[in-house]
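**Q** The structure under discussion is supplied below as structure tokens; questions concerning it will follow.
Computed from the coordinates by the stated procedures, all read-outs in this text should not be read as laboratory data. The model shown is predicted, which means the values in this text are computed figures rather than measured ones. Cβ sites come from the backbone with ideal geometry, for glycine too, and all protein chains shown count toward neighbours.
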Amino acid sequence: MTILRTIIVDDEPLALRLLAAKLGKLPNIEIVAQCSNGREAIAAIIELTPDLLFLDIQMPGLTGLDVVKQLQSDTMPLVVFATAYEQYALEAFDAHAVDYVLKPIDDERIQRAVARAQERFSIRLDDKIENKNEVISAIAQIEQQHEKTITWMATDSIHQDPQHTDIKNRKIVIKDRDEIHLLKQKDIQWIDAAGDYVCVHALGETHVKRCTLKEMLIELDDTQFKRVHRSTIVNLEFIDKVIPHTKGEFFLMIGEHDKIKVSRNYKDVVKTFLAN
Amino acid sequence: MLGAEDATRKEHIKRIEAQSVARDAKLKMLRYQLNPHFLCNTLNAINSLIEIQESEKAQAMTVQLSQFLRHSLDNDPDTKITLRDEIGALNLYLEIEKTRFADRLKLDFLVDEQAQEALVPSLLLQPIIENSMKHAISKNEKGGIIVLRAGINQGRLIIEISDTGASHPHSKPLDFRNETGVGLENIEQRLTVLYDDDYQINTMRRAEGGRSTYINMPFELSD
């Protein structure tokens with residue numbers, strides 16, 4: 001039996017204590033941090049790289065769904081959502097095999113969620129990308145249900161003739177609920193892929209776009225955007241700090257809040273960047 | 001012969017339709033009062049108090065919840081109660097929320113002596129306070145303050161309720177059903193039934209963040 005290093009997140013102090021008490025009784029759970037909002041959760045997850053996350057949905061600032069969107073897919077823990085009455089989300093969670101516990105939480109459901117997490121953990125081990133895949137698919141479905149516009153596909157572009165538009169100035173089309181954003185490449189800080197979707201992190205927000213990382217790379221200026229992990233691309237412009245980590249890995253500080261892991265396989269990208 | 005039968009049938013259908021509309025309206029109100037998100041979270045908090053062996057607090061919260069539910073169910077929205085009683089019921093609800101949110105919820109209520117006895121439709125203020133909980137206190141990492149002021153001015157009852165808003169005023173609401181609308185619409189409908197157009201209710205965004213609701217209505221006392 002593997003011990004799952006677990007972070008629990010809920011903005012209500014009593015709900016957090018209940019979760020801690022219930023999980024604390026299980027032999028295969030070690031609670032490594034307790035957080036009371038999404039911002040704290042993201043910092044703790046990057047710092048402690050837990051295996052499992054129990055995440056409340058309704059929270060001030062960043063919601064539980066925002067937390068998942070903002071986390072780098074290459075370092076994403078397993079997620080179990082805790083929900084009081086977010087019915088609109090449950091259908092999407094069921095459809096994409098995302099686990100959740102209902103409040104008031106009960107022992108049986110918690111034990112089942114932990115057993116499932118244990119099982120997934122032993123199959124996936126280092127392949128954390130799968131963790132974000134399933135949750136992002138569910139989030140995309142939730143956001144899609146409230147979309148008023150027609151679906152835009154990955155290949156959609158807004159009359160951008162590649163012959164006449166310099167690749168640097170080409171914009172990225174993002175469709176969010178009832179709005180369509182045109183993101184300038186220079187505003188995009190980093191991008192990570194999760195299954196059929198990519199998460200585009202720009203100007204303090206995370207946009208979910210239906211397309212592959214490969215398709216994304218074709219649209220991006222390759223002198224500016226570099227792959228630093230299997231599923232993560234960063235805009236070199238935004239690297240504020242490079243922090244060496246163990247086993248030849250690095251962390252990149254992107255702006256004030258985002259900390260991106262660079263895998264050993266891509267460390268040359270960082271070395272070249274530092275040399276210039 | 002056939003014509004008369006037809007008319008009776010039409011009459012019957014009409015009656016059923018009317019009953020259905022009335023039942024729908026009542027269900028909507030009931031559903032609004034028994035906010036499932038609030039109920040599930042409150043029961044979860046009570047569970048937590050039991051788990052950590054705070055049995056007295058768990059009991060207090062159970063009793064507050066029962067009293068609040070009883071008040072919501074027993075009081076017909078068309079009956080009038082004193083502002084003192086209305087605020088008493090609000091406090092049942094707010095005591096529960098204080099236990100859930102701990103020091104994130106602060107209250108600053110001030111009601112003039114004269115206004116205490118003023119009659120208001122039962123559950124008039126509940127939706128406004130719930131909105132503040134939902135869109136301000138629970139959406140702010142640091143919590144916030146709900147301020148209530150009530151007084152009599154030129155023979156009118158004036159009530160003002162404001163909150164300090166969310167921590168990220170531009171963040172998209174997670175709940176896509178616009179319940180702010182439902183709550184206030186409900187209040188307006190009830191005020192129109194009771195006072196015709198002799199009332200005023202406005203809600204506005206405050207420059208410093210948060211919302212403020214202003215009500216101006218007839219000052220009535222019980223006989």
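**Q** Restricting the count to DSSP beta bridges whose residues both fall in the protein assembly as shown, what percent are antiparallel, rounded to a multiple of 5?
**A** Approximately 70 percent, going by the DSSP bridge assignments.
**Q** So what is the diffusion coefficient of chain A in µm² per second by Stokes-Einstein at 25 °C and 0.890 mPa s, using a Kirkwood Rh over Cα pairs?
**A** The calculation lands on 126 µm²/s.
**Q** Looking only at other chains, what is the average number of their beta-carbon atoms within 10 angstrom of each beta-carbon in B:161-167?
**A** Taking all residues of B:161-167 together, the mean is 1.
**Q** What does region A:4-145 give for Rg and for Dmax, in Å, if only its C-alpha atoms count?
**A** Over region A:4-145's Cα set, Rg and Dmax evaluate to 13.5, 39 Å.
**Q** With +1 on the Cβ of every Lys and Arg and -1 on the Cβ of every Asp and Glu, and nothing else charged, how large is the dipole of region A:16-145 about its Cα centre, in debye rounded to the nearest 20?
**A** 280
**Q** Restricting to region B:81-218, what percent of DSSP beta bridges are antiparallel, rounded to 5?
**A** Working: 23 of 30 bridges.
Percentage antiparallel, nearest 5: 75.
**Q** Put a dot 7 Å past each Cα toward the Cβ at B:ASP85 and B:LYS142; how far apart are the dots in nm?
**A** For the pair B:LYS142/B:ASP85, the computed spacing is 4.0 nm.
**Q** About its Cα centre, what dipole magnitude does region B:81-218 give when the only charges are +1 on Lys and Arg Cβ and -1 on Asp and Glu Cβ, stated in debye to the nearest 20?
**A** Values: 16 positive and 21 negative charges, 132 e Å.
Computed charge dipole of region B:81-218: roughly 640 debye.
**Q** Once Lys and Arg get +1 and Asp and Glu get -1 on their Cβ, which of A:ILE191, A:MET216, A:VAL262 lies farthest toward the positive end of the dipole of chain A?
**A** The listed residue farthest towards the positive side: A:VAL262.
**Q** I'd like to know which of B:ALA166, A:ALA95, A:ALA44 lies farthest towards the positive end of the charge dipole of the protein assembly as shown, counting +1 on Cβ of Lys and Arg and -1 on Cβ of Asp and Glu.
**A** Of B:ALA166, A:ALA95, A:ALA44, it is A:ALA44.
**Q** If you don't mind, another one. Which one of A:VAL79, A:LEU62, A:ALA115 has its Cα pushed farthest toward the positive end of the charge dipole of region A:4-145, where Lys and Arg give +1 and Asp and Glu give -1 at the Cβ?
**A** The residue sitting farthest along the positive end of the dipole is A:ALA115.
**Q** Let me ask something else about it. When the distances between all Cα atoms of region A:64-147 are binned every 10 Å from zero, what whole-number percent does each bin get?
**A** Values per bin, smallest distances first: 17, 50, 30, 3.
**Q** Roughly what % of Cα-Cα distances in the protein assembly as shown sit above 44 Å, to the whole percent?
**A** That tail contains 28 percent of the Cα-Cα pairs.
**Q** Another one. Can you list the aspartates and glutamates whose alpha carbon is less than 14 Å from that of B:LYS80, not counting same-chain residues fewer than 8 positions off?
**A** Hits, sequence-local ones excluded: B:GLU117, B:GLU220, B:ASP223.
**Q** How tilted is helix A:129-145 with respect to the longest principal axis of chain A? Cα atoms for both, answer in degrees (0 to 90, nearest 10).
**A** Helix A:129-145 and the main axis of chain A meet at about 80 degrees.
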